[in-house]
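Colleague: The structure follows.
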There are 2 protein chains.
Amino acid sequence: MNTFTEENYLKAIYHISLQSGSVSTNQIAASLNTKAASVTDMLKKLAEKELINYTKYQGVTLTTAGEKIAICIIRKHRLWEYFLVEKLNFKWDEVHDVAEELEHIASKELIDRLDDFMGHPKYDPHGDPIPDSDGQFKTHELKPVSTLTVNESGIISGVRDHSSAFLQYLERMQLIIGKKIKVTEINNYDHSVILQVENKKTHISREVANNLLIVL
Amino acid sequence: MNTFTEENYLKAIYHISLQSGSVSTNQIAASLNTKAASVTDMLKKLAEKELINYTKYQGVTLTTAGEKIAICIIRKHRLWEYFLVEKLNFKWDEVHDVAEELEHIASKELIDRLDDFMGHPKYDPHGDPIPDSDGQFKTHELKPVSTLTVNESGIISGVRDHSSAFLQYLERMQLIIGKKIKVTEINNYDHSVILQVENKKTHISREVANNLLIVL
DNA sequence: TAATAAATTTAGATTAGTCTAAAATATTAT
DNA sequence: ATAATATTTTAGACTAATCTAAATTTATTA
């Protein structure tokens, strides 16, 4: 088996590669709050175990084996987040750190039973898809609110920023997963957006519109 | 905070001291499957942190601070065991190893909410008491079946051996927590015991009778 | 009570993960 | 194309936890 640290590196590489394809040493260091030198050491170790493809100075990609582990960790993370919110009444901005610990509990039996217990949820509390026990998952077609034009509408289905500051802001604004929104106005000057949410109007900045995701 | 390893040492010291008062280096080494030399190193570290009272060659006891941590770990272990059995349908002989991992999740909030979720259970699946969030707990007066005389009866309420072999044996024999038993015969030669359990008679060895605990 | 045995501690090494500072390589901009 | 800059790697050191082997202390027993 792999150490917590190895698992965290694989997960970080997976997440970064979803956005930028190949992954650099510095990106990993930034994402894990560590130093580039430490990352290099770990990359050698992971390459030795054939969990990543690594050539000096050229960045890394996950091997099939490495990706499988990364997805397994993500499955665990998201199932635990779902559990914490749905069963233990945590708020969606409070669960990340605890799930970071829980995701490293090894037992596959545990996570599959937890999945059963909760009825095989497809999305976690932030709208991210939960891989099934074979690592399969489907993301719905998500678009930032900022890509909508006036009169277009959609259903809030995810976030691009998972920080608790952002999540708390959304909760305060009642911009919650599952709610239907409609763009009623876009400010030409600062690109801020006015939304119709149920019977209220809500004004959000371009930055918020960029980080709030909907399905049409 | 303390490392997993430190927590495991404190827990081991706590458990051993319940049975034998003061705790020796070798007892700890045996209990943690490690070597006496490693234990000595850790004892110095724990003494440095004032979690144990330690004088060279004289064995150790927990300080108040150390005991508090040990009880907190035990609370977590037992609550998770309860969760695994009651909510996720694990068998009572399957939960120990997973709980050994789960008990090291730091969040106090998590464990208190888990406790709420399950309705503040007082005993874990093996009959061991679950400390409350202040570390308080009461053990019921447990006696081994082997201390009963003919015609005495009691309710199965705990075990002294937590090995899965023993737990599986008890399950197969339907000697399950909560069941009422009555001693109908004691064999003078090998001290084996015949029990009346519901409408069946069950014959158990002295060793089993020693490790099976009842309340009167 | 001295000799032997058992338990414990010290000394010195090892592994995993991390770090800083310096060296090597890659990228960019003139 | 080459100098300047940025990125990455290496070298060497540190901490936590472990180990074996040797030394020391305590306990036992003859």
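Colleague: If the requirement is being modelled with pLDDT of 95 or more and not assigned by TED's automatic domain parsing to the domain that holds residue A:202, which of these qualifies: A:167, A:110, A:175?
Modeller: Values: A:167 fails: not assigned by TED's automatic domain parsing to the domain that holds residue A:202; A:175 fails: not assigned by TED's automatic domain parsing to the domain that holds residue A:202.
The unique qualifying residue is A:110.
Colleague: Residues being more than 10 Å from chain B (Cβ to nearest Cβ) and either crowded, with 16+ Cβ neighbours inside 10 Å or in a loop (DSSP other than H, G, I, E, B) (or both): count how many of those fall in the range A:84-98. Give the derivation first.
Modeller: Taking the range A:84-98 as the starting set, the residues that turn out to be more than 10 Å from chain B (Cβ to nearest Cβ) are A:85-86, A:91-93, A:96.
So of that shortlist, the ones also either crowded, with 16+ Cβ neighbours inside 10 Å or in a loop (DSSP other than H, G, I, E, B) (or both) come out as A:85, A:91-93, A:96.
Final tally of qualifying residues: 5.
Colleague: Of everything in the range A:7-16, what is out of contact with any strand residue (DSSP E or B) (no Cβ under 8 Å at 6 or more places or on another chain) and more than 16 Å from DNA strand D (Cβ to nearest atom)? Give them in sequence order.
Modeller: A:7, A:8, A:11, A:15
Colleague: If residue B:175 passes every condition in (1) touching a Lys or Arg at 6+ places or on another chain (Cβ under 6 Å); (2) more than 14 Å from chain A (Cβ to nearest Cβ); (3) crowded, with 16+ Cβ neighbours inside 10 Å but one, which one does it miss?
Modeller: All conditions are met except number (1).
Colleague: For the range B:123-130, state whether one or more residues are among the aromatic types (Phe, Trp, Tyr) and surrounded by 17 or more Cβ atoms within 10 Å (Cβ to Cβ).
Modeller: yes
Colleague: For residue A:100, only one of the following conditions fails: (1) more than 16 Å from DNA strand C (Cβ to nearest atom); (2) out of contact with any Ser or Thr (no Cβ under 7 Å at 6 or more places or on another chain); (3) at pLDDT 95 or above. What is its number?
Modeller: Result: residue A:100 passes all but (1).
Colleague: Can you name every one of the helices (runs of 4 or more DSSP H) wholly within the range B:1-55 that holds 3 or more residues which are more than 9 Å from DNA strand C (Cβ to nearest atom) and touching a helix residue (DSSP H, G or I) at 6+ places or on another chain (Cβ under 6 Å)?
Modeller: Numbers: elements: B:4-20, B:25-32, B:36-48.
In the range B:1-55, the matching helices (runs of 4 or more DSSP H) lie at B:4-20.
Colleague: Give the range B:23-40 a look and list any residue that's under 18 Å from the mean Cα position of the chain (by Cα) and more than 9 Å from DNA strand D (Cβ to nearest atom), or say none.
Modeller: B:23, B:27, B:28, B:30, B:31
Colleague: Now a separate question. Give me a count of the residues in the range B:99-114 that are touching a residue at least 24 places away in the same chain (Cβ under 8 Å), facing chain A (nearest Cβ under 10 Å) and not aliphatic (A, V, I, L, M).
Modeller: Residues meeting the conditions: 1.
Colleague: Find the strands (runs of 3 or more DSSP E) located wholly in the range A:100-216 whose residues include 1 or more that are out of contact with any Leu (no Cβ under 9 Å at 6 or more places or on another chain) and of a type in the set (A, V, I, L, M), and list them. Working first, answer last.
Modeller: Values: elements: A:153-159, A:180-186, A:193-197, A:200-204, A:212-215.
Qualifying strands (runs of 3 or more DSSP E): A:193-197.
Colleague: Quick one: how many residues across the range A:41-83 are exposed (fewer than 15 other Cβ atoms within 10 Å of the Cβ) and within 11 Å of DNA strand D (Cβ to nearest atom)?
Modeller: Counting residues in the range A:41-83 that are exposed (fewer than 15 other Cβ atoms within 10 Å of the Cβ) and within 11 Å of DNA strand D (Cβ to nearest atom) gives 6.
The values are calculated or read from the model by the stated rules, or taken from the named source; none is laboratory data. Keep in mind that what you see is a predicted model, and the values were worked out from it rather than measured. Methodologically, a virtual Cβ is constructed for each residue, glycine included, from the backbone with ideal geometry; neighbour enumeration extends over all protein chains shown.
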